[in-house]
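Right, one structure below, let's go through it.
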Amino acid sequence: MRIFKKKAAGINSLMQELDHKNLPEHVAIIMDGNGRWAQKRKLPRSVGHRAGVENVRTVIRLSSDLGIKALTLFAFSTENWKRPQDEVNVLMDLLVEYIKKELNELNRKNTRIKTLGDLNKMPKKVADEIDRAKETTKNNTGLIVNMALNYGSRQEMVSAVKKIASKAMSGEISIDEIDENTILKNLYTADLPEPDLIIRTSGENRLSNFLLYQAAYSEFIFTKTLWPDFNEKEYLKALIEFEQRQRRFGAI
C-alpha cells in the first residue's frame, strides 16, 4: 500500500507540474524495447510483446484523460516482416486480441481508431478486426488513436507521389499547383495535425522510417526506458519536457 501511495503521489506531483494549456496536439510514439525487456528477465520475446501491448492501454488512457487530440503508435513497420515468422504471428495475434478486448472501452471513452500504412498485406483476421474497430468508432470525437501498421514513411511518400502524379496526368491539378500542402493532403495523416512530439523508447536515437515528412518541426524525446516500462510517470515526464522546449519553427 505504501508503494502504491508513493507512486500515486509522484504522478499527482507531475500532473500539477504539467501545463494543460500547452500540451501537444499530436503525440507519436515509436514503441521500442519489448524484446530487450523480456531478455533482461530471461523470458521469451513474446512475453515482452504482450507486456508492450498491455502498456498501450496505459498511454491511450492518459492521452485521452489529458485531452490530447491524436496519438500515433508505431505498431508494425514495413521492415518488421523480416522478423522470424513465429514472432510476426505473435504480434498479429496480440493485435487481434487487444482490439477484441479493448474496443468496447475505447468506444465508451469516445476514442476514434484510425490506421496508417498499407493494410493489404495484413492477415485477414487482423484486417477484419481493424475494420470493425474503425467502423465502430468512426463517429467518436475524442482522442484519435492511429495504429501505424505495415507502415513505412518512404512507402507513404511513394504512394503520395503516385496519387499526385495521377491527378496531374488526368488534369485534375496542374504541375504549378503542387506545393507542400498538396503532399500533406496525400499522406496517410492528411486529416491530422503534424506531430508536435515524437517519443522513442529503449535508447535508440533514430526515426526508423517513421513520419519522415511530417516530422519536419516535431520535438524529439529519446528515452532509455524500454516500452513496457514507459508508464504514466515516464509519459508525464516526457510531456513536461516537451512544454519546456522553445519551438521557433525557423524564426527567432
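Averaging sequence separations of C-alpha pairs under 8 Å and six or more residues apart, then dividing by the length of the chain, give the relative contact order as a whole percent.
29
Work out the P(r) tail for segment 157-222: percent of alpha carbon pairs separated by more than 20 Å, whole number.
Here the tail beyond 20 Å accounts for 40 percent of pairs.
Using DSSP to define loop residues, name the chymotrypsin sites (Phe, Trp or Tyr not before Pro) in segment 200-252 whose beta-carbon has at most 14 other beta-carbon atoms within 10 Å.
Passing sites in segment 200-252 are 249.
Hey, got the dipole for segment 105-252? About the Cα centre, +1 on K and R Cβ, -1 on D and E Cβ, debye to the nearest 20?
Roughly 360 debye, rounded to the nearest 20.
Quick check: at a probe of 1.4 Å, how many percent of the accessible area of the chain sits on carbon and sulfur atoms?
Carbon-and-sulfur percentage of accessible area, whole number: 50.
Which Rg and Dmax, in Å, describe the Cα atoms of the chain?
Here Rg and the maximum Cα pair distance are 18.9, 68 Å.
Taking the C-alpha atoms of segment 1-109, how large are the radius of gyration and the largest Cα-Cα span, Dmax, in Å?
Using the Cα atoms of segment 1-109, the pair Rg, Dmax is 16.4, 45 Å.
So what is the 222 nm mean residue ellipticity for the chain from helices alone, if each DSSP H run of at least 4 adds -39500 (n - 2.57) and you divide by all residues, rounding to the nearest 500 deg cm²/dmol?
-15500 deg cm²/dmol
May I ask for the distance between the Cα centers of segment 32-109 and segment 177-249, given as a whole number of Å?
With segment 32-109 and segment 177-249 each reduced to a Cα centre, they are spaced 18 Å.
Please list the three semi-axes, largest first and in whole Å, of the ellipsoid equivalent to segment 75-136, using sqrt of 5 times the eigenvalues of its alpha carbon gyration tensor.
Semi-axes from the Cα gyration tensor: 22, 12, 10 Å.
Suppose every Lys and Arg Cβ carries +1 and every Asp and Glu Cβ carries -1, with no other charges. What dipole size does the chain come out with about its Cα centre, to the nearest 20 debye?
Once rounded to the nearest 20, the dipole reads 1080 debye.
Checking a compactness column here: for segment 11-74, what do you get for Rg(Cα) / (2.2 N^0.38 Å), N being the number of residues?
Compared with the compact-globule rule of thumb, segment 11-74 sits at 1.36.
Longest exposed-loop-site-free stretch of the chain, with GluC sites (Glu not before Pro), DSSP loop and at most 14 other Cβ within 10 Å?
It works out to 26-171.
Take segment 195-252, drop everything but the C-alpha atoms, weight them equally and run the Debye formula without solvent; then report log10 I(q)/I(0) at 0.22 Å⁻¹ to two decimals.
-0.94
Can you pull out the trypsin sites (Lys or Arg not before Pro) in segment 104-170 whose DSSP state is coil and whose Cβ has at most 10 other Cβ atoms within 10 Å?
When the trypsin sites (Lys or Arg not before Pro) of segment 104-170 are filtered for loop state and at most 10 Cβ neighbours within 10 Å, 138 remain.
For segment 130-252, treating each Cα as an identical point scatterer without solvent, what Debye log10 I(q)/I(0) comes out at q = 0.11 1/Å?
Log10 of I(q)/I(0), two decimals: -0.53.
Where the only charges are on Cβ atoms (+1 Lys, Arg; -1 Asp, Glu), what is the dipole of segment 83-183 about its Cα centre, to the nearest 20 debye?
360
Among the trypsin sites (Lys or Arg not before Pro) within segment 174-252, which fall in a DSSP loop and have no more than 14 other Cβ atoms within 10 Å of their own Cβ?
Here the sparse-neighbourhood loop sites are 206, 224, 245, 247, 248.
Please give the net charge around residue 202, taking every other residue with its beta carbon less than 9 angstrom from that of residue 202, where Lys and Arg add +1 and Asp and Glu add -1.
Result for the neighbourhood of residue 202: +1.
The values are calculated or read from the model by the stated rules, or taken from the named source; none is laboratory data. Note that the structure is predicted; figures quoted are calculated from it, not measured. Glycine also receives a Cβ, built like all others from the backbone with ideal geometry; neighbour counts cover every protein chain displayed. For the accessible areas, the whole protein counts, side chains as well, though only heavy atoms, and no ligand, DNA or RNA atoms are used. Shrake-Rupley method; radii C 1.70, N 1.55, O 1.52, S 1.80 Å.
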